[in-house]
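Have a look at the structure below before the remarks.
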Amino acid sequence: MSEELKKRQEHLASLEDFLQSPAFLGFKSGVAEDIRRTRDAIVSIDPLKIEDFVEECKLRGELRNLEMMENVFEEARATLKSRIDEMAEAELESAHNAKQ
């Protein structure tokens, strides 16, 4: 096993630990609360003036960012797992070809 693959597996283990931790649950609930507040702020704006329209656009951008943050760690885990699988398969194939 290569050093890079080993480091990625250690990183995945750390990420898995974080996803099971109270810190992650706190992060998720904090982001959910920020999303709720941002949606409430968007609904409360009556965009009759250009300044209000600009503020609504800003809040909608913030909302999209928060919604992406909501799943960033789970998506990172899935991406890392896929990359580890690819690397492991490539190493096995390389070792197999070296034996031939």
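No lab work stands behind these numbers, since they all come straight from the coordinates. Note that the coordinates shown come from a computational prediction; the quantities given were computed from them, not determined experimentally. No Cβ is skipped: glycine too gets one built from the backbone with ideal geometry, and neighbour counts run over all protein chains shown.
Which count do you get for residues in the range 51-100 that are in a helix (DSSP H, G or I) and farther than 26 Å from I35 by Cβ? Let's see the steps before the verdict.
Within the range 51-100, the subset in a helix (DSSP H, G or I) is 51-69, 72-99.
Those still in the list that are farther than 26 Å from I35 by Cβ too: 81-99.
Going through the range 51-100 one residue at a time, the tally reaches 19.
Can you confirm whether the range 72-92 contains a residue that is more than 30 Å from S2 (Cβ to Cβ) and surrounded by 11 or more Cβ atoms within 10 Å (Cβ to Cβ)? Explain how you work it out, then say what you get.
First, the residues of the range 72-92 that are more than 30 Å from S2 (Cβ to Cβ): none.
There is no residue in the range 72-92 that is more than 30 Å from S2 (Cβ to Cβ) and surrounded by 11 or more Cβ atoms within 10 Å (Cβ to Cβ).
Among the residues of the range 1-18, write down those that are among the polar types (S, T, N, Q), in a helix (DSSP H, G or I) and surrounded by 11 or more Cβ atoms within 10 Å (Cβ to Cβ). Give the derivation first.
At the first step, the residues of the range 1-18 found to be among the polar types (S, T, N, Q) are 2, 9, 14.
Imposing the further condition that a residue be in a helix (DSSP H, G or I) reduces the set to 9, 14.
Selection gives Q9 alone.
Rundown of residues vs (1) β-branched (V, I, T); (2) without any contact (Cβ under 8 Å) to a residue 12 or more places away in the chain; (3) loosely packed, with under 13 Cβ neighbours inside 10 Å, yes/no style:
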residue: L25; (1), (2), (3): no, yes, yes
residue: S29; (1), (2), (3): no, yes, yes
residue: R36; (1), (2), (3): no, yes, yes
residue: R39; (1), (2), (3): no, no, no
residue: V43; (1), (2), (3): yes, yes, yes
residue: D46; (1), (2), (3): no, yes, yes
residue: K49; (1), (2), (3): no, yes, yes
residue: V54; (1), (2), (3): yes, yes, yes
residue: M68; (1), (2), (3): no, yes, yes
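Which residues, taken from the range 27-51, are within 30 Å of D85 (Cα to Cα) and of a type outside the set (A, V, I, L, M, F, W, C)?
Keep residues of the range 27-51 that are within 30 Å of D85 (Cα to Cα), which gives 27-28.
Matches in the range 27-51: K28 only.
I want to confirm something. Restricting to the range 10-23 and keeping residues that are out of contact with any helix residue (DSSP H, G or I) (no Cβ under 6 Å at 6 or more places or on another chain) and in contact (Cβ under 8 Å) with a residue 60 or more places away in the chain, which single residue is nearest to A90 (Cα to Cα)?
By that ranking, first place goes to H11.
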